[in-house]
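*Asks:* Sharing a structure with you now.
The values are calculated or read from the model by the stated rules, or taken from the named source; none is laboratory data. Owing to the predicted nature of the structure, the values given are computational and were not obtained by experimental measurement. Please note: Cβ atoms are built from the backbone with ideal geometry, for glycine as well, and neighbour counts cover all protein chains shown. We work out accessible area using only protein heavy atoms, side chains counted, and drop any ligands, DNA or RNA first. Shrake-Rupley method; radii C 1.70, N 1.55, O 1.52, S 1.80 Å.
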Amino acid sequence: MAGGSFGPAGVAKERAQQYKGRLTSYVIIACTVAAVGGSIFGYDVGISGGVTSMDTFLEKFFPTVFVKKSQAHESNYCKYDNQGLAAFTSSLYLAGLVASLMASPVTRKFGRRTSIICGGLSFLTGATLNAAAMNMAMLLLGRIMLGVGIGFANQAVPLYLSEIAPTHLRGGLNMMFQVATTFGIFIANMINFGTQKLNWGWRLSLGLAAVPALLMTVGGILLPETPNSLIEQGKKEKGREILEKLRGTKNVDAEFEDMIEASELSNLIKNPFRNILEKRNRPELVMAICMPMFQILTGINSILFYAPVLFQSMGFGGNASLYSSALTGAVLASSTFISIATVDKLGRRALLISGGIQMITCQVIVAIILGAKFGNQQELSKGFSILVVVMICLFVLAFGWSWGPLGWTVPSEIFPLEIRSAGQSITVAVNLLFTFIIAQAFLALLCAFKFGIFLFFAGWITIMTIFVYFFLPETKGVPIEEMIFIWKKHWFWKKLVPTKGESEISNSVELDENVTEP
């Protein structure tokens, strides 16, 4: 079916008020199992910083850093500045970037579950290689396989959660991904704390990544496919059956109709990556680029990757630095629950803006303390050290209930079905690109900017908070298949989104040359 009744997002009219259903145990179980995919990302983020501060690891793979670390005359800010060490951390994210683009056609053609399973198997392989690494080549190959796993998981899991959740609870359930991510970080920090004294502790830390990878693989096998994906593959009856189970009612006609209409338009689109560049999809494309970019430019990953390194640079002892990084991981994990409890009540914009203001304040205070009280060959006093840790924890707290979960939630819920997998791939690719850039550059930036590194990130947080205020409309309570209507009502984006009279398919979407009107 192809006709002028479709809006540019694949639905003809707003039916949100007609949606029926409740939160079922089926949804809770499916979302919980799927969200485990986030734990592999979080585990790696948390484990990398601890491992790269372990003497036994540095001595085996990065002997120059090991020697440099022990030199008392070396600048506090520069003792870890080594591009090879940075490459160990960042190589994973470059691989993930490429993998996320490869995952898009897999997710669209074969379903969300297939990508989740592929991601789990790849991450399992990478964890095994890293644990058994005997040389740099083996270590980096393992990192690349971990990256492929993260690319597939981050592409598929947020989509899965957004599509399976009831509209009025989508924000909170989608954040299960971030909850798993933050708990992965916390668990990794605690494991590093326990293995730091062992000669082979780094092998155990890296190898235990196999546990969440195995859970994700098994979970992917047991999960139901999303109704949206089943309908898009032509399995309408199965899609309705799953939808009825998810909503706990047979009365799902309105939601099912939205999915059918979105699917019919989606199947006409043979080149989603080319279609996403059209003017009518400009609002979604801008958000797919800006949201993950800003999420990384908060500086959070730098703190999480290099927390032990950062705290040691500030003069904390080895045990104290790992303890402090474990504390930040615990704060991050717990703060996500604040967002889950409030996101579908207060909305996305309120959390993003208030979180941005708190993060700016914390970054500026840390920069002032380090600028005034900390220099080369100096250590912070106990009082100022505690204040720095408190400020970093407050920064992490704000990130955990704002940009952390919402940096994934907002992009995953705004795309029409026909470009949803492509849009999510762009989101993940941008996230991993900037993760790679910051991971690779952070140690050099820390050496060059010193305390100014915190002002650098504070400047970016200021920009992104202003961006949200002016350009991000509220998506709270809007059905995923009816997002087009929020762009039509926005003061800026309505200039780019065609009105109903302009939304004939022949004019609004680029059809494949082999597709003809019936």
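*Asks:* So what is the relative contact order for segment 192-301, in percent, with contacts set as C-alpha pairs under 8 Å and at least six apart? Can you show the working numbers first?
*Replies:* Details: 43 pairs, mean separation 14.5, N = 110.
13 percent.
*Asks:* In what sequence, highest mean first, do 249-256, 121-128 appear when ranked by Cβ atoms within 10 angstrom?
*Replies:* Details: 249-256: 16.4, 121-128: 23.5.
Taking the mean over residues of other Cβ atoms within 10 Å, the ranking is 121-128, 249-256.
*Asks:* I'd like the accessible area for MET102: 1.4 Å probe, protein heavy atoms, all chains in place, Å² to the nearest 10.
*Replies:* 110 Å²
*Asks:* Per-residue accessible area for LYS345 at 1.4 Å probe radius, Å² rounded to 10?
*Replies:* Surface accessible to solvent at LYS345 totals approximately 150 Å².
*Asks:* Go through LYS345/LYS488; LYS373/LYS450; LYS60/LYS197 and tell me which ones have a Cα-Cα distance over 18 Å in this structure.
*Replies:* Numbers: LYS345/LYS488 23 Å; LYS373/LYS450 12 Å; LYS60/LYS197 15 Å.
In this structure, LYS345/LYS488 exceed 18 Å between Cα atoms.
*Asks:* Let me ask something else about it. With a 1.4 Å probe and all protein chains in place, put PHE467, PHE183 in order of accessible area, largest first.
*Replies:* Values: PHE467 30, PHE183 80 Å².
Sorted by accessible area, descending: PHE183, PHE467.
*Asks:* Rounded to the nearest 10 Å², what accessible area does GLU163 show when all protein chains are kept and the probe is 1.4 Å?
*Replies:* Approximately 0 Å² of GLU163 is accessible to the 1.4 Å probe.
*Asks:* Further, regarding this structure: Return the ratio Rg/(2.2 N^0.38 Å) for segment 232-300, where Rg is computed over Cα atoms only.
*Replies:* On the way: Rg = 17.0 Å, N = 69, 2.2 N^0.38 = 11.0 Å.
That ratio works out to 1.55.
*Asks:* Show me 294-302, 385-393, 153-161, 425-433 ranked by packing, highest mean number of other Cβ atoms within 10 Å first.
*Replies:* Details: 294-302: 23.9, 385-393: 18.8, 153-161: 31.3, 425-433: 26.2.
My ranking of the peptides, most packed first, is 153-161, 425-433, 294-302, 385-393.
*Asks:* Taking square-rooted eigenvalues a ≥ b ≥ c of the alpha carbon gyration tensor, is segment 328-456 rounded, prolate or oblate, where a/c under 1.5 means rounded and, failing that, a/b exceeding b/c means prolate? Don't skip to the end; give the middle numbers.
*Replies:* Details: a/c = 3.02, a/b = 1.64, b/c = 1.84.
Oblate, because a/c is 1.5 or more while a/b does not exceed b/c.
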